[in-house]
Amino acid sequence: DAPSRKYAYIDMSSNGMSLTQLPQINRRFFGYLRKLSLAGNELECLDFDVLSRLTNLLDLDASDNKIEVLYGTPPAQLQRLDLSGNSLKEVSTLAGASGLRDLFVQKNNLGSLHGLPTLALERIDASDNQLAGHITLRMLSVCTKLASVSIGGNPVCQSVPQWKFKLMSFLPRL
């Protein structure tokens, strides 16, 4: 039988199911979903096209999985995305996430921030990755609304002298 109510929040995190792929989503019952937690599972990829039916989804937590690859286009209305604690090497798929304000990608294997969504991003935590070089700091400058940046624990913090001052010169809002 189908559920008799419409859900705004579903928590599928660390529940013993160990999801390896996203389940099929029935828009009839989950079209009102605003927050979805898939944290602590065994997901190896995240296909945003599967989530496209969730036209009200604002907050997605896919942290602490094994995600190496992102597919598809993130939902335009998505405001908060937590991909921390995965195995991502790049985030260029997120470029189309025009409504994304908060992005958490700490503890991945990111070597670059190329393709960050630039329109609405206000906060990013990309600490404990493999970000190196002056260009990493420059890439953040295209995100004109950024007010909070965390990049500690990356090689850029050792390789670029006075990296905090350089970052603040690129992003005066900090």
Task: Mean separation of Cα contacts under 8 Å (6+ apart) over length of the chain, as relative contact order % - done: 13
Open item on the list: At 7 Å along Cα-to-Cβ for each site, give me the label-to-label distance between residue 141 and residue 21 in nm.
Closed with: 4.4
TODO: Pull up the cross-link candidates among the lysines for residue 35, meaning alpha carbon to alpha carbon under 30 Å and not fewer than 8 places away within one chain.
DONE: 6, 66, 89, 107, 145
Open item on the list: Ignoring everything except DSSP H segments at least 4 long, calculate the 222 nm mean residue ellipticity for the chain; use -39,500 (n - 2.57) per segment, divide by total residues, nearest 500.
Closed with: -3000 deg cm²/dmol
Task: Per residue accessible area of the chain, 1.4 Å probe, in Å² - done: 51
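Accessible area of region 61-139 with a 1.4 Å probe: how many percent of it is carbon plus sulfur?
The value for region 61-139 is 46 percent carbon and sulfur by accessible area.
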TODO: Determine which aspartates and glutamates satisfy two conditions relative to residue 164: a Cα distance under 20 Å, and not lying fewer than 8 residues away in the same chain.
DONE: 122, 125, 128
Open item on the list: Of 98, 132, 163, which is farthest towards the positive pole of region 85-167's charge dipole, taken about the Cα centre with +1 and -1 on the beta-carbons of Lys, Arg and Asp, Glu respectively?
Closed with: 163
Open item on the list: Can you compute the modelled spin-label distance between residue 150 and residue 76, with each label point 7 Å from Cα toward Cβ, in nm?
Closed with: 3.1
Task: Cα gyration tensor of the chain - equivalent ellipsoid semi-axes, whole Å, descending - done: 31, 17, 12
- [ ] Assign unit charges at the C-beta atoms only (+1 for Lys and Arg, -1 for Asp and Glu), then state the dipole size of the chain relative to its Cα centre in Debye, rounded to the nearest 20.
- [x] 640
Task: Sites residue 157 and residue 55 - FRET efficiency at Förster radius 41 Å, r taken between beta-carbons, to 0.05 - done: 0.55
Task: Pairwise FRET efficiency - residue 132 versus residue 9, Cβ, R0 = 30 Å, nearest 0.05 - done: 0.20
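Would you please give the FRET efficiency between residue 119 and residue 87, computed as 1/(1 + (r/R0)^6) with r the Cβ-Cβ distance and R0 = 22 Å, to the nearest 0.05?
Efficiency computed from Cβ-Cβ geometry: 0.20.
The values are calculated or read from the model by the stated rules, or taken from the named source; none is laboratory data. Not measured: the values here are computed from a predicted model. For neighbour counting, all protein chains shown are included, and Cβ atoms are generated from backbone atoms with ideal geometry for every residue, glycine included. Quick note on the areas: whole protein, heavy atoms, side chains included, nothing else; ligands and nucleic acids left out. Shrake-Rupley method; radii C 1.70, N 1.55, O 1.52, S 1.80 Å.
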